[in-house]
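Report on the structure given below.
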Amino acid sequence: MKIFSMFDGVGGFTIGFNNSDSEFFQTTYSNQYEPSKKSQDAYEVGVYRFPEMEHIPTDVALIPNEKFEEMRDNGVNMIVGGFPCQDYSVARSKKNELGIEGKKGVLFWEIIRATEIIKPEYLVLENVDRLLKAPSSQRGRDFAVMLASFNELGYSVEWRVINAAEYGRAQRRRRVFFFVYRNDTHWAKRIDSQFENNSSENLLGIRDFEQYRNYIFNDGLFARQFPVKEAEVKDRTKFNQLAKDIKEVSDEFNDGKFWNTGVMRHGYYYSADTEPLGNEIPITLREIIVPESEVPEKYYIDGEKLAKFEYLRGPKRIERTSLEGHSYIYSEGGMSPNDDLDLPGRTMLTSEGTVNRSTHLLKINGRYRLITPIEAERLQDFPDDWTKYKQLETGEVVEVGERMRMFFMGNALVTGIVKRIGDELKEIVLENK
């Protein structure tokens with residue numbers, strides 16, 4: 001499988017698929033660009049770590065169609081990427097063309113543009129789990145637009161919210177993963193053959209959701225690699241049909257029920273609230289921290305900084321005034337004064353390493369400290385010091401600042417989850433040839 005990695009970051013998808021099988025999965029193109037930053041640090045880390053790959057340091061919206069055509073002609077048959085959760089509403093121009101309403105949703109539409117041109121067999125995408133409920137004013141609309149867009153291009157979508165710690169990793173990080181496959185692949189045809197009415201015309205009109213249910217509980221990629229309990233949580237399920245017009249989906253979607261597991265085939269979707277089997281033991285913080293003798297003194301905190309952490313992590317009831325001038329009480333529950341070493345880490349954010357409520361705070365041998373960049377990398381299943389160096393345009397290799405390294409990891413994904421997706425995808429491809 002030849003891969004184009006969009007929104008590549010520091011190569012998390014590539015690491016995961018390489019750890020699965022670096023011969024079977026080969027990332028040949030990547031795109032990474034931070035529009036708000038003069039220094040393209042993540043891109044430069046990618047250049048240093050993957051010198052054999054073609055790296056594209058350009059705003060994805062400025063990549064010409066001809067480049068995607070080149071990828072297609074060079075055998076790219078898979079797209080991967082973790083893209084920002086934005087506003088995916090659409091508008092129709094006077095010429096009846098679909099487009100974006102504003103600029104927020106541009107990045108997802110670039111995935112659609114690349115898909116339409118490259119026509120990959122598969123895509124593996126990742127996002128924050130709140131995407132399934134966005135926006136708050138029209139819950140589920142953004143995700144419905146995504147499903148409708150892939151459906152229009154002739155693709156099916158399987159999704160699952162995965163908490164990495166529930167499947168044996170070191171971080172309680174919930175993300176929604178998508179396995180998108182073209183409807184003319186061997187895998188898709190095999191799935192179609194399992195439906196009672198297996199002609200295309202009959203399949204489009206099927207009403208029996210049991211076959212959809214069986215897919216997400218037993219037959220799908222996520223069901224096979226990330227098994228769940230047999231029963232839905234509190235009978236939370238939804239079976240419905242998307243409107244055929246994407247603009248109609250954007251304007252009128254009011255279903256609002258996309259649970260943490262589901263599949264969309266030929267415009268119909270089935271979704272259920274599922275629970276992991278709970279039989280995989282996570283890695284704990286204690287198992288990933290470096291020996292204290294290797295921790296520089298600058299990571300230890302006390303005095304005013306420690307007092308600030310105590311305040312931030314404590315319960316609060318604060319009177320505030322809104323922009324309209326009325327007063328209200330902002331309340332926030334307390335959290336543990338330090339992180340439990342015998343639990344997996346909490347979700348890392350891009351603010352990791354700063355004096356922030358979400359920052360990990362360890363207490364070891366009576367002293368408090370922050371986690372180190374290596375420990376942050378381990379929480380995301382990256383190799384030690386993966387982000388320590390970058391290669392400049394001149395060819396010079398220099399060190400990356402530690403704050404930026406933490407930022408990378410707050411934006412990254414758990415590569416051990418990607419590895420397991422790769423393991424199962426390889427089986428799917430090989431067994432359906």
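The values are calculated or read from the model by the stated rules, or taken from the named source; none is laboratory data. Because the structure is a prediction, the values reported are computed rather than measured. Heads up, the Cβs are rebuilt from the backbone with ideal geometry, glycines too, and the neighbour counts pull from every protein chain shown.
Observations on the structure shown:
- Ile301 being outside the structural domain of Arg141 (by TED's automatic domain parsing), modelled with pLDDT of 95 or more and under 27 Å from the mean Cα position of the chain (by Cα): no
- Residue in the stretch 304-357 that is nearest to the chain's Cα centre (by Cα), counting only those that are part of a helix (DSSP H, G or I) and either over 18 Å from Met406 (Cβ atoms) or charged (D, E, K, R) (or both): Arg313
- Single residue of Lys305, Lys257, Lys234, Lys247 found to be closer than 30 Å to Asp340 by Cα and charged (D, E, K, R): Lys305
- All helices (runs of 4 or more DSSP H) inside the stretch 209-288 with 1 or more residues being within 22 Å of the chain's Cα centre (by Cα): 221-225
- Cβ-Cβ under 8 Å pairs, at least 6 apart or on other chains, the stretch 336-360 side closer than 18 Å to Ala412 by Cβ, far side of a type in the set (Asp, Glu): Gly345/Asp339; Arg346/Asp339; Gly353/Glu402; Ser358/Glu352; Thr359/Glu352; His360/Asp339; His360/Glu352
- Selection of first residues in the stretch 307-329 that are modelled with pLDDT under 90 and of second residues that are of a type in the set (Asp, Glu) and surrounded by 10 or more Cβ atoms within 10 Å (Cβ to Cβ), restricted to Cβ pairs under 7 Å at least 6 apart or on distinct chains, gives the following pairs, ordered by first then second residue: Lys316/Glu332.
- Checking each residue in the stretch 383-412 for being within 18 Å of Ile283 (Cα to Cα), touching a residue at least 24 places away in the same chain (Cβ under 8 Å) and surrounded by fewer than 24 Cβ atoms within 10 Å (Cβ to Cβ) picks out only Pro383.
- Meets criteria (over 19 Å from Asn411 (Cα atoms) and in the same structural domain as Ile118 (by TED's automatic domain parsing)) for Glu44: no
- Any chance Ala243 is out of contact with any Ser or Thr (no Cβ under 7 Å at 6 or more places or on another chain) and either basic (Lys, Arg) or loosely packed, with under 14 Cβ neighbours inside 10 Å (or both): no
- Per the conditions (1) buried (at least 21 other Cβ atoms within 10 Å of the Cβ); (2) more than 28 Å from Val429 (Cα to Cα); (3) at pLDDT 90 or above, the sole criterion not satisfied by Arg172 is (1).
- Residue match in the stretch 301-322 (condition: of a type in the set (Lys, Arg), within 17 Å of Glu375 (Cβ to Cβ) and loosely packed, with under 12 Cβ neighbours inside 10 Å): no
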